[in-house]
1. For the stretch 28-43, what are the residues that are within 8 Å of the chain's Cα centre (by Cα) and aromatic (F, W, Y)?
2. Is there a residue being closer than 26 Å to L28 by Cβ, in contact with a His (Cβ under 7 Å, 6 or more places away or on another chain) and in the same structural domain as R30 (by TED's automatic domain parsing) anywhere in the stretch 68-75?
3. Identify all residues within the stretch 70-124 that are surrounded by fewer than 16 Cβ atoms within 10 Å (Cβ to Cβ), closer than 26 Å to E49 by Cα and modelled with pLDDT of 80 or more; write none if there are none.
Amino acid sequence: MRNLIPFLAIAVLAGFFTAGCAGPEEKLGRGITNSLEFARLGEMRDSIEQTAVFGSASEAYTTGAIHGFDRSVERTGIGLWEVVTFPFPNRKGSYGPIDTAHISPSLVYPESYKPHLISDALFDTDTYTGFSGGDVAPFIPGSRFSVFDN
């Protein structure tokens, strides 16, 4: 019981800081998304593709992979920092994304692929007929299979 009291105090304090504010919720969601970069591998795939297109194809899997790994580490670090500090505003007094020269606040995908919503009854309006469309497995890196893509 004594271990439960500090946990509840922290939960109440976090609820007090985030009650009624959309900024901390967005900052926490952005931080969780960025901290899972190594599961998504978006920066890695984008850097390999851009190195192959604008650089040399022979350097794509070496230099591009190293550059993508570095950007993934940076995005993961920014995400973890935003998760830890989500109840508090940034230095400028807002809950907006951290300004960096290298990392954009939105997720990065290769130019050759833009994901869609998961094919699920939650997002599709025509599920009562038994047919729906969208990405089949967007959570698997490199999956590009779509059903009924218009």
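1. Correct list: empty.
2. Filtering the stretch 68-75 for residues closer than 26 Å to L28 by Cβ gives 68-75.
Cutting the leftovers down to in contact with a His (Cβ under 7 Å, 6 or more places away or on another chain) gives us 71, 74.
Restricting the remaining residues to those that are in the same structural domain as R30 (by TED's automatic domain parsing) gives 71, 74.
Checked against the condition, which is being closer than 26 Å to L28 by Cβ, in contact with a His (Cβ under 7 Å, 6 or more places away or on another chain) and in the same structural domain as R30 (by TED's automatic domain parsing), the stretch 68-75 yields at least one hit.
3. Within the stretch 70-124, D70, V73, G77 qualify.
The rows are residues; the columns are (1) touching a Lys or Arg at 6+ places or on another chain (Cβ under 6 Å); (2) free of Cβ contacts under 8 Å to residues at least 12 places away in the same chain.
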{"position": "I66", "(1), (2)": "no, yes"}
{"position": "R75", "(1), (2)": "no, no"}
{"position": "W81", "(1), (2)": "no, no"}
{"position": "F86", "(1), (2)": "yes, no"}
{"position": "P89", "(1), (2)": "no, no"}
{"position": "V108", "(1), (2)": "no, no"}
{"position": "E111", "(1), (2)": "no, no"}
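The values are calculated or read from the model by the stated rules, or taken from the named source; none is laboratory data. Remember, it's a predicted structure, so these values are computed and weren't measured experimentally. Quick reminder, even Gly has a Cβ in these numbers, built from the backbone with ideal geometry, and neighbours come from all protein chains shown.
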